[in-house]
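Readers should treat all values here as calculations from the given coordinates under stated rules, not as data from a laboratory. The model shown is predicted, which means the values in this text are computed figures rather than measured ones. Glycine gets a Cβ as well: all are built from the backbone with ideal geometry, and neighbour counts include every protein chain shown.
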Amino acid sequence: MGAAQRRGILFGLLAVIWILPATVARAQTGGDVQRQFEQAFDHMLQDPSNLDKTFEYAELGIKIGDYEAAISALERMLLYNPALPRVRLELGVLYFRLGSYAIARAYLTGAVAGENVPDDVRARVAVFLDEIDKRQSNHQFSGSIFGGARYQTNANAGPARPAIRLFDAEGTLDSEFTQKNDWNSFLSASLRHVYDPHAHNGDVMETNALFYATEQSDQQQLDLMFAEVTIGPRGQFMREFIENASWRPHVVVSTVNLDKSHYYFTYGAGIDIDKQLTDRTNGSLTTSFVRKKYRADAGRSTARLQNGDEVELEVNLRHQVTDNWALTSSAGITQLGADAHLYSNREVSLGLGAIVTYGAPYHLTNGGWTTSLNTTFLYSSYNVPDPSIDSFTERNDHEIDATLLTSVPINKSWSVTSTLARTEVGSNFLNYSYNNWAISLGASVRF
């Protein structure tokens, strides 16, 4: 099978993963719920003064994304009975979703204007009014910081056995390079700034910054620091061709330090596309092209041979099966070129996951807990043989990663997160085969 055929099969697989779950979800949503919505409309017309039937019609309108129909029904309810704070709250939320913040504020403040307003209504109104204030500002800041400790059974990703392939013969790896366990501390931060000129088309300028750093207890040569910044406009471009899609072309720069020394930096550009496929299914497509530049030093004298271009394409889907659990899937391909072809390779990835939200066991906390299980399969193939390993055989690796994560909210901003992860890497050369268990515990704050 030729390279062009393999690429065609891969892109066909990506298209199926992108389209099929959305098609199934759209058929389900457009079937049962749509019929219920139409029946509720008939019932409401037969008995227009029945507020229960009107509210049921509004609820179904929200489920199928017909906010205008839901607004019309709820406003009709207020004509019959103006003293309904929950209805005013729902109207405020709907106008908020439509981006009509002035009307949303009027309904929300009206919901808490009278006496005997339920406490939960006042709490929700306060949250939405605060969010409206933020969104009506030209500058919006948000982010999170996460830190903790991690233990790994194979922190250096070393082979379990010293037997390796070396210069077309069997070799023995020094024990200092085989599997080593270790602890590390880590800190990550994600920051987002949106400049919103409040233009009629809703387009904004979005800047994202990522930071990640680890410090090892023993394997200090693995101390890592990573930073990345992306900036670009976000908007609903090409509305006449693709509805309910958010586009973000951007430029990106990043840098990596390893063992307290600059390792490499990248610069390039990409585009992100987010699309609401149904009221419960969201899809995203990310593609980027970056140039990697490595720095050679005394410990990495040949690093510059890895200089090259990296092209990446990734598709993600998330389907909210119920209010409490969701399914995720992903597929991607990365082509890495290098000045020395022995470092050039292609990686294909496929992922599946599930996210469940549930009540805290034994009522330990007020908020619901979240547990997710994600599994990713990666296959990478190198373009040419590495003469220092085997002059005639190209390297091929396959990797399986599984991560179990549980997040426990402490309050509105803080949460505690634990993870258990397993990595298994196989290769046609024992040099690169290894496995690893990792367990971590940390705390995060959102702002």
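Going by how many other Cβ atoms sit within 10 Å of their own, how do Asp401, Asp174 line up, fewest first?
Details: Asp401 17, Asp174 7.
Lowest count first: Asp174, Asp401.
Taking the beta-carbon count within 10 Å as an exposure proxy, list Val127, Val384, Val315 from fewest neighbours to most.
Working: Val127 11, Val384 14, Val315 21.
So the ranking, lowest neighbour count to highest, is Val127, Val384, Val315.
So, counting K/R as plus one and D/E as minus one, what does the shell of residues with Cβ under 9 Å around Thr334 add up to?
On the way: positive: Arg346; negative: Glu310, Glu312, Glu314, Glu347.
For residues surrounding Thr334, the net value is -3.
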May I ask you to sort Met77, Met238 by Cβ crowding, counting other Cβ atoms within 10 Å and putting the fewest first?
-> Met238, Met77
dims of region 223-372, Cα set, principal axes, largest to smallest, nearest Å -> 56, 49, 26
Among rounded, prolate and oblate, which fits region 140-197 when a ≥ b ≥ c are the square roots of the eigenvalues of its C-alpha gyration tensor, a/c under 1.5 means rounded, and a/b larger than b/c means prolate?
-> oblate
Counting other Cβ atoms within 10 Å, which GluC sites (Glu not before Pro) in region 148-246 have at most 10 and lie in a DSSP loop?
-> Glu240, Glu243
How big is the chain by the Kirkwood estimate over distinct Cα pairs, in Å?
-> 25.8 Å
Could you work out Rg/(2.2 N^0.38 Å) for region 69-217, with Rg from alpha carbons only?
-> 1.89
In whole Hz, with x marking every Gly and Pro, tabulate ³J(HN,Hα) for region 314-323 from phi via Karplus 6.51 cos²θ - 1.76 cosθ + 1.60, θ = phi - 60°.
-> 9, 10, 10, 10, 9, 10, 7, 5, 9, 5
Hey, could you get me the Stokes-Einstein D for region 285-404, Kirkwood radius over alpha-carbon pairs, 25 °C and 0.890 mPa s, rounded to whole µm² s⁻¹?
-> 141 µm²/s
Given H placed 1.01 Å from N in the peptide plane, which residues other than close sequence neighbours of Asn181 have an amide H under 5 Å from its amide H?
-> Ala155
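How much of the pair distance distribution for region 341-399 lies past 15 Å, counting alpha-carbon pairs only, in percent? Spell out each step's value before the answer.
Numbers: 1119 of 1711 pairs.
Cα-Cα pairs of region 341-399 separated by over 15 Å account for 65 percent.
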Average the reciprocal distances over every distinct pair of alpha-carbons in region 164-279, invert the result, and give the Kirkwood radius in Å.
-> 18.1 Å
Would you pull out the residues with amide H under 5 Å of Phe237's amide H, same chain only if 5 or more places away, H placed 1.01 Å from N?
-> Trp247
Based on the Cβ-Cβ distance of Val229 and Glu68, what FRET efficiency does E = 1/(1 + (r/R0)^6) give at R0 = 56 Å, to the nearest 0.05?
-> 0.90
Just check region 222-263 against the gyration tensor rule for me: Cα atoms, a ≥ b ≥ c as the square roots of the eigenvalues, rounded for a/c under 1.5, and otherwise prolate or oblate depending on whether a/b exceeds b/c.
-> prolate
